[in-house]
1. Taking the condition under 27 Å from PHE31 (Cα atoms), surrounded by fewer than 14 Cβ atoms within 10 Å (Cβ to Cβ) and either under 16 Å from the mean Cα position of the chain (by Cα) or among the charged types (D, E, K, R) (or both), does ARG121 pass?
2. Would you say PHE29 is surrounded by 16 or more Cβ atoms within 10 Å (Cβ to Cβ) and without any contact (Cβ under 8 Å) to a residue 60 or more places away in the chain?
3. Quickly run through segment 66-89 and pick out the residues that are of a type in the set (D, E, K, R) and either under 16 Å from VAL44 (Cβ atoms) or part of a strand (DSSP E or B) (or both).
4. Are any residues in segment 124-150 over 21 Å from ASP28 (Cβ atoms) and among the hydrophobic types (A, V, I, L, M, F, W, C), and if so, which ones?
5. Which condition number does LEU18 fail, the rest of (1) outside any helix (DSSP H, G or I); (2) farther than 27 Å from LYS145 by Cβ; (3) under 12 Å from the mean Cα position of the chain (by Cα) being met?
6. State which residue is farthest from GLY62 (Cα to Cα) when the search covers only segment 95-139 and only residues that are in a loop (DSSP other than H, G, I, E, B) and either touching a Cys at 6+ places or on another chain (Cβ under 8 Å) or among the aliphatic types (A, V, I, L, M) (or both).
7. Can you tell which of MET43, MET63 is assigned to a strand (DSSP E or B) and either charged (D, E, K, R) or in contact (Cβ under 8 Å) with a residue 24 or more places away in the chain (or both)?
8. Against the definition (free of Cβ contacts under 8 Å to residues at least 40 places away in the same chain, surrounded by fewer than 18 Cβ atoms within 10 Å (Cβ to Cβ) and either outside any loop (DSSP other than H, G, I, E, B) or in contact with a Cys (Cβ under 9 Å, 6 or more places away or on another chain) (or both)), how does PHE23 come out, yes or no?
Amino acid sequence: MITVRTAEERDIDSLVELLKLLFAIEKDFTFNEPLQRRGLERMVRNDRGCVLVAEAEGRVIGMCSGQLTISTAEGGPALLVEDVVVAVPWRSRGTGRRLLEELENWAGGQKISRLQLLADRKNFHALGFYQNLGWETTQLICLRKRITLS
């Protein structure tokens with residue numbers, strides 16, 4: 001039986017391991033445990049976002065997170081979905097679907113009408129998964145620029 005709940009600080013070690021798995025797939029990111037741990041600690045404490053975990057057999061087997069942004073297109077909040085990942089043995093069992101459904105429920109409670117996410121363009125399995133859940137591709141592409149902090 002799989003349960004989905006809000007992540008807690010006690011889950012961070014498990015979440016770091018899931019991010020290690022995710023970042024092995026996503027070529028734009030490099031796993032760096034101290035950075036991912038720090039980010040997760042901040043996200044778990046962030047009241048403008050939501051981190052969910054899927055649990056089975058007494059352990060964390062999946063996660064997803066979302067952070068509020070303000071959208072001029074929507075005239076209000078939108079949710080940037082990040083870090084959707086499920087441990088390999090638990091994939092294709094409805095775990096990712098359950099996580100995203102719960103995140104959508106949380107967003108609805110926050111009066112958020114649009115969710116958006118980034119996915120690796122070569123991760124065809126994930127892209128098919130999202131499309132099966134009703135996610136649509138857009139004409140937009142992601143650009144990024146790193147700046148040096150002093």
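1. Values: under 27 Å from PHE31 (Cα atoms): yes; surrounded by fewer than 14 Cβ atoms within 10 Å (Cβ to Cβ): yes; either under 16 Å from the mean Cα position of the chain (by Cα) or among the charged types (D, E, K, R) (or both): yes.
When the stated conditions are applied, ARG121 passes them.
2. Numbers: surrounded by 16 or more Cβ atoms within 10 Å (Cβ to Cβ): no; without any contact (Cβ under 8 Å) to a residue 60 or more places away in the chain: yes.
No, not satisfied.
3. Going through segment 66-89, the residues of a type in the set (D, E, K, R) turn out to be 74, 82-83.
GLU82, ASP83 - these are the residues of segment 66-89 that are of a type in the set (D, E, K, R) and either under 16 Å from VAL44 (Cβ atoms) or part of a strand (DSSP E or B) (or both).
4. Going through segment 124-150, the residues over 21 Å from ASP28 (Cβ atoms) turn out to be 132-134, 136, 150.
Scanning segment 124-150 gives a single hit, LEU133.
5. Going through (1) outside any helix (DSSP H, G or I); (2) farther than 27 Å from LYS145 by Cβ; (3) under 12 Å from the mean Cα position of the chain (by Cα) one by one, LEU18 breaks only (1).
6. Of all residues in segment 95-139, those in a loop (DSSP other than H, G, I, E, B) come to 110-114, 118-123, 133-139.
Subsequent filtering for residues that are either touching a Cys at 6+ places or on another chain (Cβ under 8 Å) or among the aliphatic types (A, V, I, L, M) (or both) retains 112, 118-119, 133.
Numbers: ILE112: 23, LEU118: 18, ALA119: 17, LEU133: 17 Å.
The residue in question is ILE112.
7. On the way: MET43 fails: assigned to a strand (DSSP E or B).
Answer to the check: MET63.
8. On the way: free of Cβ contacts under 8 Å to residues at least 40 places away in the same chain: yes; surrounded by fewer than 18 Cβ atoms within 10 Å (Cβ to Cβ): yes; either outside any loop (DSSP other than H, G, I, E, B) or in contact with a Cys (Cβ under 9 Å, 6 or more places away or on another chain) (or both): yes.
Yes: the conditions hold for PHE23.
Read-outs: derived from the displayed coordinates by stated rules, not from any lab. These numbers were taken from a predicted model, which means no experiment stands behind them. Glycine also receives a Cβ, built like all others from the backbone with ideal geometry; neighbour counts cover every protein chain displayed.
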